[in-house]
Amino acid sequence: MTEQLAAVRRSRVRRPKQDRSRSSMERLLAAAVRMLVQGGYSEFTLQELSKRAKVSIGSIYLRFENKQALIREVQIRFLHQIEREHAVIINGLRRRGLALRELVPIAIREYGGFLRKHADLLRVFMELAPTDPIVAAHGKKYYGQSATDFALLLLDRRDEIRHPDPEHAVEACFAVMYASVGRHLGLGTTSDVMGEGNWDTLLDDLSLMSVLWLVGGDPDADRSIFLAMGK
């Protein structure tokens, strides 16, 4: 699948070679991001993109086979950007050398905030994924890497994990966190459930459940710790 994704990208995107062309390409893709964030995919047209980016329709079709190819390029660039941001978050947490009970709530709050920051554009690609296998494959690859990075961060404190299967335990933490936060943010769900409940309470509850799942303990005592650290 990785080779297929690379082949699709090479065949359908014509790379600009001159500075002027590269500047035009960057302007085009930046305008596309703004349009997708503001109006979603349903409102996105190449005609409107042409107006906003001040790039002719002919130039757009010279670079991209169709709208689908352009959206896929936007997704690739976006995922590269957030992968770098996520790496900074993970490395920053790792350098702090926190004990697991402190690390878990801070990591969940950091990652939750990260998803919240990028939710508008993530939502667009998750809406497209069921009908575009290439968009779906890129999203799945990103999710897998994020899950691995999060798991490895917690496994740095393997000796503090009391669950009999530490690998499974940390993977489950990420899966539950991502599903819960994603539902709140409307990622891959219907709009009528987006924003349900209180954001801070959601993160506190996910932190408490994750710590108890990993190491056990006193729920009341752990909740007081999370409330003191998280706000």
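Could you say whether any residue in region 83-103 is surrounded by 13 or more Cβ atoms within 10 Å (Cβ to Cβ), part of a helix (DSSP H, G or I), in contact (Cβ under 8 Å) with a residue 60 or more places away in the chain and in contact with a His (Cβ under 8 Å, 6 or more places away or on another chain)? For region 83-103, residues surrounded by 13 or more Cβ atoms within 10 Å (Cβ to Cβ), part of a helix (DSSP H, G or I), in contact (Cβ under 8 Å) with a residue 60 or more places away in the chain and in contact with a His (Cβ under 8 Å, 6 or more places away or on another chain): absent. Here the condition is being in contact with a strand residue (DSSP E or B) (Cβ under 9 Å, 6 or more places away or on another chain) and assigned to a helix (DSSP H, G or I); of Ala31, Ala69, it holds for Ala69 alone. Restricting Ala137, Ala107 to those that are touching a residue at least 40 places away in the same chain (Cβ under 8 Å) and more than 15 Å from Ser210 (Cβ to Cβ) reduces the list to Ala137.
Given the residues Gly92, Gly40, which is the only one that is under 30 Å from Phe174 (Cβ atoms), of a type in the set (Gly, Ala, Ser) and modelled with pLDDT under 95?
Numbers: Gly92 fails: modelled with pLDDT under 95.
Step by step, each of Gly92, Gly40 is checked, and only Gly40 is under 30 Å from Phe174 (Cβ atoms), of a type in the set (Gly, Ala, Ser) and modelled with pLDDT under 95.
Checking each residue in region 150-171 for being among the aliphatic types (A, V, I, L, M) and part of a helix (DSSP H, G or I) picks out Ala151, Leu152, Leu153, Leu154, Leu155, Ala169, Val170.
Identify all residues within region 115-146 that are under 13 Å from Met177 (Cβ atoms) and buried (at least 17 other Cβ atoms within 10 Å of the Cβ); write none if there are none. Steps first, please.
So in region 115-146, the residues under 13 Å from Met177 (Cβ atoms) come out as 115-116, 143, 146.
Correct list: Leu115, Ser146.
Against the condition more than 25 Å from the chain's Cα centre (by Cα), at pLDDT 95 or above and closer than 23 Å to Gly97 by Cβ, how does Ile225 come out, does it pass? Write out each step before concluding.
Details: more than 25 Å from the chain's Cα centre (by Cα): yes; at pLDDT 95 or above: no; closer than 23 Å to Gly97 by Cβ: yes.
Answer is no for this residue.
Is it the case that some residue within region 177-187 is small (Gly, Ala, Ser), in contact with a Lys or Arg (Cβ under 8 Å, 6 or more places away or on another chain), touching a residue at least 60 places away in the same chain (Cβ under 8 Å) and surrounded by fewer than 17 Cβ atoms within 10 Å (Cβ to Cβ)? No, because not a single residue in region 177-187 is small (Gly, Ala, Ser), in contact with a Lys or Arg (Cβ under 8 Å, 6 or more places away or on another chain), touching a residue at least 60 places away in the same chain (Cβ under 8 Å) and surrounded by fewer than 17 Cβ atoms within 10 Å (Cβ to Cβ).
Do we have Ser210 as in a helix (DSSP H, G or I), at pLDDT below 95, hydroxyl-bearing (Ser, Thr, Tyr) and on the phi < 0 side of the Ramachandran plot here? Steps first, please.
Details: in a helix (DSSP H, G or I): yes; at pLDDT below 95: no; hydroxyl-bearing (Ser, Thr, Tyr): yes; on the phi < 0 side of the Ramachandran plot: yes.
For Ser210, the condition - in a helix (DSSP H, G or I), at pLDDT below 95, hydroxyl-bearing (Ser, Thr, Tyr) and on the phi < 0 side of the Ramachandran plot - is not met.
Among the residues of region 148-166, at least one is out of contact with any helix residue (DSSP H, G or I) (no Cβ under 7 Å at 6 or more places or on another chain), under 20 Å from His118 (Cα atoms) and either surrounded by fewer than 17 Cβ atoms within 10 Å (Cβ to Cβ) or at pLDDT below 95 (or both).
Taken together, the criteria exclude Val74 from residues that are surrounded by 16 or more Cβ atoms within 10 Å (Cβ to Cβ) and either not hydrophobic (A, V, I, L, M, F, W, C) or not in a helix (DSSP H, G or I) (or both).
The values are calculated or read from the model by the stated rules, or taken from the named source; none is laboratory data. Every value quoted in this text rests on a predicted model; they were computed, and no experiment measured them. All Cβ positions, even for glycine, are placed from backbone atoms using ideal geometry, and neighbour counts span all protein chains on display.
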